[in-house]
Each structure stands twice: as structure tokens, then as C-alpha cells.
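Some notes on the structure that comes next.
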Amino acid sequence: GKGVRLRKENVVNRIESDPRVALQERALQQGYGSMIALPLISEDAVTGFWVIYEAQPGFFGTEETRLLSDIAADISFALDYIAKQERLNELAYYDVLTGLSNRNLMQEHLRQALAHAARNDRLVAVVFIDLDRFKWVNDTFGHSGGDRLLKEIAARIASCTREGDIVSRHGGDEFIMVLPDLPNRDSATPVLQRVLESISEPVPIDSADVCVSC
């Protein structure tokens, strides 16, 4: 708790005489005499602790504390870098509003699906979905209402898919589905029927039930 508040290392050089140690009894049973807790900071928040126990009381002096604090700072920098890379990866491959794959990731999956289909004598369906009346929704309920509609429709389309199918937002009110590994042309029909039925269900926006089709 102190480490979270102060965002700095916390040294206990005599565990047996410091009641602040949360696991004091267990630490003493294990033969530990001193400890140090070093906060790991990522994206300006304490995300965890690196805790080191030592049998010898009074082990963590100035030099040891400084060295371990430097290492904890390096670990924090690495965690921060990983978090930023993951966020950049999300922006590169996923639609921010709906969480669906974006065009880049969809094209990657499509290439893989086509290669697999060619090797195994299967088919791939590419489905283009364009919503009707979306401009009317935007004009009537504002962009926040349009965003709510898009998120709901995205979730409904995704719920209609089979394992391995890909749904992406192509832009605006347009979506693309990639249905890989189909044995014949009719195999996509049940999925498409589910999509049509699901999208036609009313979407509640600002106490109104809005119906769209595609």
C-alpha cells in the first residue's frame, strides 16, 4: 500500500519487528529476515510489484536498494514499451469503434483463407454488408446514436458467425465477412440468413426502437 501511494521502493530490514508486513508470520516461517518491494510502473500507473526476500536481516542497504531500483525502472520501461506496442497493434489491425478487424487484418485473413482453400479444394465466401437508412439514423439521433447503432450491428453480425469466420468494418456503415473453408456455394446461406434476421431486429436508441436493414 505504501509503495502504491509513494510510487517508490519500500524496504523492511527486520521483518520480525515490522507489523506492516502483510505476510509477516509466513515470511518468518520461511526463514526470511528482510525484504524489499519495488513498484513496477506502466503508463503512469503502478501495475505490479517486484518483491525480494532475503534470509539475512538488514540486507538491503543503500547500494543494494539503488541497484534494484534501477533494475525495476528498466522493467517498468519494458512494460510501458510493450503496452504501447500492443495499443499500436490494436490501432493497426482493429476498428476503434466496434472492436472488429479492420481492412488490413481482414485482407491478411482473406489471403490465408484463399491459400487454404486452394490446397484443400474448398471455397471462400466474401460477404459485403451495407446498412440501409444509416444516414437517417445519424441525422435523427446524431453521431453518438449512429455510433451506438454501428456497435450493436457489429456485435450482431459477429454473433452469427461460425468459428474461423472473420468480420471486419470496412468503413462507415459497411462491413465485410470472410467465410472460409466452405464445401460448396450453398454453405454460406445459413450464416447470411442469420445475419439478415439479426440486423432486422430493432435497435434501442434514445428510448426509440430503430429498425434498419442491409
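The values are calculated or read from the model by the stated rules, or taken from the named source; none is laboratory data. Note that the coordinates shown come from a computational prediction; the quantities given were computed from them, not determined experimentally. Cβ atoms come from the backbone with ideal geometry, glycine included; neighbour counts cover every protein chain shown. Calculation scope for accessible area: heavy atoms of the full protein, side chains included, ligands and nucleic acids excluded. Shrake-Rupley method; radii C 1.70, N 1.55, O 1.52, S 1.80 Å.
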(request) Mind giving me the nanometre distance, one decimal, between the label points for N120 and N184, set 7 Å out from Cα along Cα→Cβ? (result) 1.9
(request) Pop out the ³J(HN,Hα) list for the range 177-186 in order, Karplus 6.51 cos²θ - 1.76 cosθ + 1.60 with θ = phi - 60°, rounded to Hz; leave Gly and Pro as x. (result) 10, 10, 10, x, 6, 8, x, 7, 5, 7
(message) Explain nothing, just compute: Karplus ³J(HN,Hα) = 6.51 cos²θ - 1.76 cosθ + 1.60, θ = phi - 60°, for every residue of the range 56-72 in order, whole Hz, x for Gly and Pro.
(response) 7, x, x, 6, 8, x, 4, 5, 4, 5, 5, 4, 5, 5, 5, 5, 4
(request) Work out, step by step, the length gained on full extension between Q56 and V96: first 0.36 nm times the residue separation, then minus their alpha carbon distance; give nm to one decimal. (result) 9.2 nm
(request) Please list, in chain and number order, the residues 5+ apart from D181 or on another chain whose amide H is under 5 Å from its amide H, with Hs placed from the backbone. (result) L123
(request) Over the chain, give the accessible area per residue in Å² for a 1.4 Å probe, as an integer. (result) 60
(request) Give the peptides 185-192, 83-90 in descending order of average Cβ contacts within 10 Å, highest first. (result) 185-192, 83-90
(message) At 1.4 Å probe size, with the rest of the protein present, what percent of the exposed accessible area of the range 164-208 is carbon and sulfur atoms?
(response) 50
(request) Hey, could you grab the Kirkwood Rh for the chain? Inverse mean 1/r over distinct alpha carbon pairs, Å, one decimal. (result) 22.0
(request) Apply 1/(1 + (r/R0)^6) to the Cβ-Cβ distance of R5 and T140, taking R0 = 45 Å, and write down the FRET efficiency to the nearest 0.05. (result) 0.35
(request) Express in whole angstrom the spacing between the alpha-carbon centres of the range 47-65 and the range 171-214. (result) 58
(request) For the range 119-130, just list the computed ³J(HN,Hα) in residue order, Karplus coefficients 6.51, -1.76 and 1.60, θ = phi - 60°, integers in Hz, with x standing in for Gly and Pro. (result) 6, 10, 6, 10, 10, 10, 9, 10, 10, 9, 10, 10
(request) Find how much the distance from Q107 to D206 grows on full extension, using 0.36 nm per residue of separation minus their present alpha carbon separation; answer in nm with one decimal. (result) 32.1 nm
(request) Give the residue from L23, Y94, A158 lying farthest towards the positive end of the charge dipole for the chain; charges sit on Cβ (+1 for Lys and Arg, -1 for Asp and Glu) and the dipole is referred to the Cα centre. (result) L23
(request) Grab the beta carbon distance between R20 and E86, set R0 = 35 Å, and tell me the FRET efficiency rounded to 0.05. (result) 0.50
(request) Give me the angle, in degrees from 0 to 90, between the Cα long axis of helix 189-200 and the longest principal axis of the Cα atoms of the chain, rounded to the nearest 10. (result) 80
(message) Taking 0.36 nm per residue of sequence separation and subtracting the Cα-Cα distance, how much length would be gained by fully extending the chain between Q29 and D132, in nm to one decimal?
(response) 30.2 nm
(request) Pull up all non-local amide H partners of V210: gap of 5 or more, or a different chain, and H-to-H distance under 5 Å with H placed in the peptide plane. (result) V203, I205
(request) Calculate what fraction, in whole %, of the accessible area of the range 38-156 sits on carbon and sulfur atoms when a 1.4 Å probe is rolled over the protein chains. (result) 55
(message) Can you give me the long-range amide H partners of G33? Hydrogens built in the peptide plane at 1.01 Å from N, cutoff under 5 Å, separation of 5 or more residues or another chain.
(response) E54, A55, Q56
